Amino acid sequence: MPNPSPARMHDFEVVANEEIAEGIFSLVISAPKLACALRPGQFVNLRVPGDSSELLRVPLSYVSADPNAGTVEIWYAVRGNATGRMSEWKSGFKSDLLGPGGHGWLVPEGARRVLLVGGGIGVPPVLCLASELSRRGIAFDACLGAATASKLVGVEDFEALDGGFVRVCTDDGTAGDCGFCTGPAAAALSEASYDYVATCGPSAMMERVAKAAGEAGVYCEASLERMMSCGFGACSTCNVETTDGMKGACMCGPVFDASKVVVF
Amino acid sequence: MASVNMSVDFGGVKMKNPINTASGTFGQGWQFSELMDVSALGAITTKGCAAEPWPGNPAPRMTEVRGGMMNSVGLQNPGVEAFARDYGPWLFDLTDKGTQVICQVAGHSTEEYVRALEMFDELCPWAAGFEINVSCPNIAAGGIACGSTPEGAADVMRACRKVTDRPLFIKMAPVRIPEIARALEAEGADGLTVINSIPGMAIDVHTRRSKLSKPTGGLSGPLCHPIAVRMVWEAANAVDIPVCGVGGVMTGEDAAEMILAGACCVSVGMASFVEPDASVRILHELEQWAESQGVKDINELIGAFEC
């Protein structure tokens, strides 16, 4: 029998919930057992009550977990009705979640220098990994992108980790370089020697990063987003087409070996 | 211990209670093993499986709609041989704990259903019965194309009946229920599972594209419940073989509606995605309802609907 998902049901209480960029919120929840169990790159599946016509949970990455405080911080973009209701959550609000889901980033043993590439709301799981790399003393550089300056998140957090360079791009040039962060990422891969690349963001961005990493001969992982019904391997709806066949993002991902991903 | 006898006989499958799981919403059961006591259920019905592995449809396979969801999984499965090898030991163990296992059989043609059923019959001696899926709305051939006429459904049933003496059930498409039910009964079906997901469409008006990778998908969830209850009632009135009610059961009262409409047992579907142990909660709520009705046996309530 395959291993069941590590996800368990956890009650949580909202500690804080505030907008940190245009349409992007930081949610801090108290969930002590979850805070101990999460590993960078895993996800949680939140129940968002308030509308009986919307039943499915909302799967989200997390940006940090503090086992001592028993808290988990999640950054989410308001994209639809459910995340809209989440943005109204106040301190003390209670719900439940299933987590941790899937497996996270698998940084190769002995990796000494890592390139992190995050775009839009794909930045949080990459920042989560950056914190882990910082703790383990592994050097990293970061290329971050957003549509515009007001939607850019995580730059100060990356800089505070003091890993390596942090290159910022926006589609409209309102912050950092004008353009996509795939350009600086490809340049970095051709100029320096990396042992591992981790990327999360828009599909086209991840595909280009994976291609550049492949050309540079560097192992690359991508954290993919799919619509999920259950999040623990029962429904077969969050499929990712890989060179090894269809794989469920909730059980075989959400982090995948990018060289094996056919459709990002 | 419930004061009401909850055990039912679903076409030869003796269930300790009427709660079953809808195929495709419960994997092969093991996915729930750390999230609930699967052995509390009367039965589980495993995800459809064909003789050979199927990759299923491309992403996106699911979109949420008001009051439910639509899927276009396309019966992704590993093939019966891998199914039996990888999941058989756990499922066998589950039967040892008193929960019956019904394996769903998938195919693109009568020949493929027969081949898959032959393999199931040989490789899964622990299976209490088999459910033939002639109603999947998400595959190009077979599925609903076989099961939406009395002739097509009867053809599959006739061929499958020759393969095994174990209980055979048919997962019915949500069309022409009375006449197809009668045709299936005449060909030796032991029971009917009513209904499969309802073909639907969801269009992203901004991109003008389907919200799924195919134009249509299968609608499920609570928005389907009243339709499913009506079709269970139609099936139960049309035939003498038992019916398993499926469609948007989220609470014990939803399950009770199915029982009253004529279902012998009830499968929980989408609710298990939202709340993994929903089926156990629904079982307890159903027990409480049966007690509240002042009966000694849940069987007294099957079809007890009055108009």
Exercise. Mind checking which pairs have a first residue in region B:206-232 that is crowded, with 18+ Cβ neighbours inside 10 Å and a second that is part of a helix (DSSP H, G or I), Cβ under 7 Å, 6 or more apart or different chains?
Worked result: B:His225/B:Asp254; B:Val229/B:Glu257; B:Val229/B:Met258; B:Val229/B:Ala261; B:Met231/B:Ile177; B:Val232/B:Met258; B:Val232/B:Ala261
Seminar exercise, completed: Only one of B:Pro199, B:Pro174, B:Pro137, B:Pro178 is over 28 Å from B:Phe92 (Cα atoms) and assigned to a strand (DSSP E or B), namely B:Pro199
For this session: Could you grab me the full set of residues in region A:214-264 that are buried (at least 24 other Cβ atoms within 10 Å of the Cβ), more than 7 Å from chain B (Cβ to nearest Cβ) and among the polar types (S, T, N, Q)?
Result: A:Ser223
Seminar exercise, completed: Of the candidates B:Val274, B:Val280, the one satisfying the condition of being within 13 Å of another protein chain (Cβ to nearest Cβ) and farther than 24 Å from B:Ile198 by Cβ is B:Val280
For this session: Would you please name the residue that is surrounded by the most Cβ atoms within 10 Å (Cβ to Cβ), looking only at residues in region A:25-64 that are β-branched (Val, Ile, Thr) and in contact with a helix residue (DSSP H, G or I) (Cβ under 6 Å, 6 or more places away or on another chain)?
Result: A:Val63
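For (1) in contact with a strand residue (DSSP E or B) (Cβ under 9 Å, 6 or more places away or on another chain); (2) not in a helix (DSSP H, G or I), each residue gets a yes or a no:
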| site | (1), (2) |
| --- | --- |
| B:Gly48 | yes, yes |
| B:Glu64 | yes, yes |
| B:Asp86 | no, no |
| B:Phe92 | yes, no |
Seminar exercise, completed: So the strands (runs of 3 or more DSSP E) completely within region A:1-118 holding 3 or more residues that are within 14 Å of another protein chain (Cβ to nearest Cβ) and under 30 Å from B:Met250 (Cα atoms) are A:8-21, A:94-101
For this session: Just give me the residues in region B:71-82 being within 7 Å of chain A (Cβ to nearest Cβ), of a type outside the set (Val, Ile, Thr) and in contact (Cβ under 8 Å) with a residue 60 or more places away in the chain, in sequence order.
Result: B:Asn71
Exercise. Here are some residues: B:Val156, B:Val114. Which one is in contact (Cβ under 8 Å) with a residue 24 or more places away in the chain, surrounded by 24 or more Cβ atoms within 10 Å (Cβ to Cβ) and part of a helix (DSSP H, G or I)?
Worked result: B:Val156
Exercise. Has region A:228-244 got any residue that is without any contact (Cβ under 8 Å) to a residue 24 or more places away in the chain and acidic (Asp, Glu)?
Worked result: yes
Exercise. Across region A:125-142, what is the number of residues that are over 19 Å from A:Trp75 (Cβ atoms) and outside any strand (DSSP E or B)?
Worked result: 4
Exercise. B:Asp277: loosely packed, with under 15 Cβ neighbours inside 10 Å, in contact (Cβ under 8 Å) with a residue 40 or more places away in the chain and not basic (Lys, Arg), yes or no?
Worked result: no
For this session: Return yes when B:Val175 is within 20 Å of B:Gly247 (Cα to Cα), away from chain A (no Cβ under 14 Å) and crowded, with 20+ Cβ neighbours inside 10 Å and no when it is not.
Result: no
Exercise. When region A:148-164 is examined, which residues are found to be hydrophobic (A, V, I, L, M, F, W, C) and free of Cβ contacts under 8 Å to residues at least 12 places away in the same chain?
Worked result: A:Ala160
Exercise. Do we have any residue at all in region B:136-150 that's aliphatic (A, V, I, L, M), within 14 Å of another protein chain (Cβ to nearest Cβ) and either more than 27 Å from B:Leu212 (Cα to Cα) or within 18 Å of the chain's Cα centre (by Cα) (or both)?
Worked result: yes
For this session: Give me a count of the residues in region B:9-44 that are at the interface with chain A (Cβ under 9 Å from one of its Cβ atoms), outside any loop (DSSP other than H, G, I, E, B) and in contact (Cβ under 8 Å) with a residue 40 or more places away in the chain.
Result: 2
Exercise. If the Cβ limit is 9 Å and pairs must be 6+ apart or interchain, which residue in region B:45-70 that is more than 14 Å from A:Cys235 (Cα to Cα) and within 7 Å of chain A (Cβ to nearest Cβ) pairs with which residue that is aliphatic (A, V, I, L, M) and part of a loop (DSSP other than H, G, I, E, B)?
Worked result: B:Pro58/A:Val263; B:Gly67/A:Leu55
Exercise. Residue check: is A:Thr170 on the phi < 0 side of the Ramachandran plot, of a type in the set (Val, Ile, Thr), in contact with a Ser or Thr (Cβ under 7 Å, 6 or more places away or on another chain) and surrounded by fewer than 16 Cβ atoms within 10 Å (Cβ to Cβ)?
Worked result: no
Seminar exercise, completed: Among helices (runs of 4 or more DSSP H) completely within region B:203-287, the ones holding 3 or more residues that are at pLDDT 95 or above and either over 17 Å from the mean Cα position of the chain (by Cα) or more than 22 Å from A:Cys238 (Cβ to Cβ) (or both) are B:225-238, B:252-261
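The values are calculated or read from the model by the stated rules, or taken from the named source; none is laboratory data. What you see is a predicted model, and the numbers here were worked out from it, not measured in a lab. Every residue, glycine as well, gets a Cβ built from its backbone with ideal geometry; the counts of neighbours run over all protein chains shown.
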